[in-house]
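Got a structure for you, written out below as structure tokens; questions coming shortly.
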Amino acid sequence: MNEAQLNRFPPGFRWGVGTSAFQIEGGVAEDGRGRSVWDTFTGVEGKIHSGHTADVACDHFHRYEEDFALIARLGVPGYRFSVSWPRVMPDGRTLEVRGLAFYDRMVDALLDRGISPSVTLYHWDLPQALEDEGGWPARDTAYRFADYTALVQELLGDRVDHWTTVNEPFCAAFLGYGTGVHAPGRSDEVLAMRAAHHLMLGHGLAMQVLRAGARQGQEFGLALNFAPALTDVDDARYREARRKFDGLHNRFFLDPALGRGYPEDVLADIRHLGDWTSVIHYGDLETIAQPMDWLGVNYYAPARVIPLEDADAVSNCGLPGLRGVDVTPPRGPLTSFGWEQTPESLTDLLVWLHEYTGGLPTEVLENGAAFEDRVEQDGRIHDSERERYLHEHLHAILAAIHSGADVRGYVVWSLLDNFEWALGYTQRFGLVRVDFADGLRRTVKDSARYYARVIEKNALPV
Ligand code: FCB
């Protein structure tokens, strides 16, 4: 193969840009929308940077036509977005037709422009009413999620081919109920593990619902966020630290989805948490183990881990029940979020997943970087750091493909600068700038033009 061929992506490679409902929509009181745990959480003092809320966010609820015109102008063929459960079911149970109609209009507006929609059913905005009944630590939430899935599929299924059940159950469970830095902000290791199981159960039930109502050409999967564990030393203690971190962060969610149940070594590591496993009912593991068409891989950065002298010492990793391992500071150059830029870890991850899953196709459903963009004199945003980040990570994907990994798509996080959860509007991930101080004006950044060129050629510039 010559250099130009080496830079090519496989034919049919799926390119996209991504967002999530709570982070961009605003319109929180429109058309009967109910409250989500994130609406409540953003109202709690001290939880969100500078007290930012997502009441308006990017006002995408009113500007989706303009945003889709931008996607079309850039020539991006796919758009990954999430449906807001409380917009469609304000109390988590009852249909609000006007809420569902919004997504109906959105899907039509995308298709009219030749953009193919990819729906994520759960991107963390649980209806507050369901949280009041126990939230994800309660088993019933998984069944309510299945009902909601059926409803959305019934309305959008005739036009949407690409479906993700749950986005990053790790974050929803461990950050929402473990460390409490995300909504609903509960902080209890046992609750976090229960929530994790019910999110996985919800994924399995939703997969069953989607499969049962499927038509030809539809594909379903789960999106997991992976943090590959790196160490400087490769002796037995460091390998053990890697095993522990990787076990709870990565394999704990992956293994059951693949039909292997929860990893025994992880269950042993956190045995001291007591009987949280009583939430795992007979048959649950079979329910979770639904065959997926692809695995969604969300990747931003690796984690650097070290073993602690005392194997029982409480860890700073934020993983429920983890002992004897710490994460150490990331190595520069960092993004404004403070994350490392280590594209090699993405190659290694995709190659490892290919072997570990026995060849299950993967789609990178989130990857991108936040930087402190500046609007230059010429009115443009020359975000060369973001452009380099994307270039290097796309290169890393090509390297994985050349090593045999079956990677079928790539979605940049994110189309727009948006509400970055606990960090409010301080982290700009967009290919398109949103001026939050100036009428939410959209400006295409240089990185978007770079991405448009890659898509046009289905290849990296040589
Ligand atoms: C992921 C989330 C996404 C966004 C990026 C930066 O974990 O899925 O909503 O916040 O991180």
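The numbers here are math on the coordinates, done by the rules we state, and not lab data. Bear in mind that the values here come from a model prediction, so they are computed numbers and not experimental data. We place every Cβ from the backbone using ideal geometry, glycine too, and count neighbours over all the protein chains shown.
Using the 10 angstrom Cβ neighbour count as an exposure proxy, how do 108, 161 rank, fewest first?
Listing 108, 161 from fewest to most nearby Cβ atoms yields 108, 161.
Can you find, among 184, 114, 157, the residue farthest towards the positive end of the dipole of segment 113-207? Put +1 on the C-beta of Lys and Arg, -1 on that of Asp and Glu.
Most positive-ward Cα: 114.
When 1/r is averaged over all different Cα pairs and the result inverted, which Kirkwood radius in Å belongs to segment 216-270?
12.7
Any idea what the alpha-carbon Rg over 2.2 N^0.38 Å comes to for segment 19-133?
1.08
Here is a further query. In whole Å, what is the distance between the alpha-carbon centres of segment 254-296 and segment 147-211?
Going from one Cα centre to the other spans 15 Å.
Sort 456-462, 405-411, 63-69 by packing, meaning the average of other beta carbons within 10 Å per residue, with the highest value first.
Sorting 456-462, 405-411, 63-69 by mean packing, highest first, produces 405-411, 63-69, 456-462.
Quick one: what do you get for segment 138-251 if you divide its Cα Rg by 2.2 N^0.38 Å?
Output field value: 1.29.
About the Cα centre of the chain, how large is the charge dipole given +1 on each Lys and Arg Cβ and -1 on each Asp and Glu Cβ? Please answer in debye to the nearest 20.
So the magnitude is around 720 debye.
In Å and on Cα atoms, what radius of gyration and Dmax does the chain show?
Using the Cα atoms of the chain, the pair Rg, Dmax is 21.0, 64 Å.
State log₁₀ I(q)/I(0) for segment 58-118 at q = 0.14, 0.18, 0.28 Å⁻¹ as given by the Debye formula over alpha-carbon point scatterers of equal weight, solvent excluded.
Ignoring solvent entirely, the Cα scatterers give -0.41, -0.64, -1.18.
Next question, about the same structure. Using helices alone, what [θ] at 222 nm do you get for the chain, with -39,500 (n - 2.57) per DSSP H run of 4 or more residues, divided over all residues and rounded to the nearest 500?
The helix contribution divided over the chain gives -11000 deg cm²/dmol.
Another one. If contacts are Cα pairs under 8 angstrom and at least 6 residues apart, what is the relative contact order of the chain in percent?
17
If you place +1 on the Cβ of every Lys and Arg and -1 on the Cβ of every Asp and Glu, how big does the dipole about the Cα centre of segment 257-324 come out, in debye to the nearest 20?
Computed charge dipole of segment 257-324: roughly 200 debye.
Could I ask something else about it? Please identify which residues in segment 107-138 have an amide N closer than 17 Å to a label point set 7 Å out from the Cα of residue 101, following the Cα→Cβ vector.
107-109
What's the extension gain from residue 265 to residue 218 if we count 0.36 nm per residue and subtract their Cα-Cα distance?
13.4 nm
Can I ask one more? For 82, 447, 315, what ranking results if the residue with the fewest other Cβ atoms within 10 Å of its Cβ goes first?
315, 82, 447
Nearest 5 is fine: what % of DSSP beta bridges in the chain come out antiparallel, could you say?
DSSP beta bridges in the chain are roughly 25 percent antiparallel.
Would you please put 231-243, 170-182, 95-107, 29-41 in order of how densely packed they are, using the mean number of other Cβ atoms within 10 angstrom per residue and starting with the highest?
Listed from highest to lowest mean packing, they are 170-182, 29-41, 95-107, 231-243.
So, one more: So what is the relative contact order of segment 267-367, in percent, for Cα pairs below 8 Å that sit 6 or more residues apart?
In percent, rounded to a whole number, it is 32.
Where the centroid of each part is defined by its Cα atoms, how far is segment 317-360 from segment 213-245 in Å?
A separation of 8 Å, based on Cα centres.
Go from 0 up to the bin containing the longest alpha carbon distance in segment 390-444, width 5 Å each, and give me the % of pairs per bin.
With a bin width of 5 Å, the distribution comes to 5, 17, 20, 17, 12, 12, 10, 6, 2, 1.
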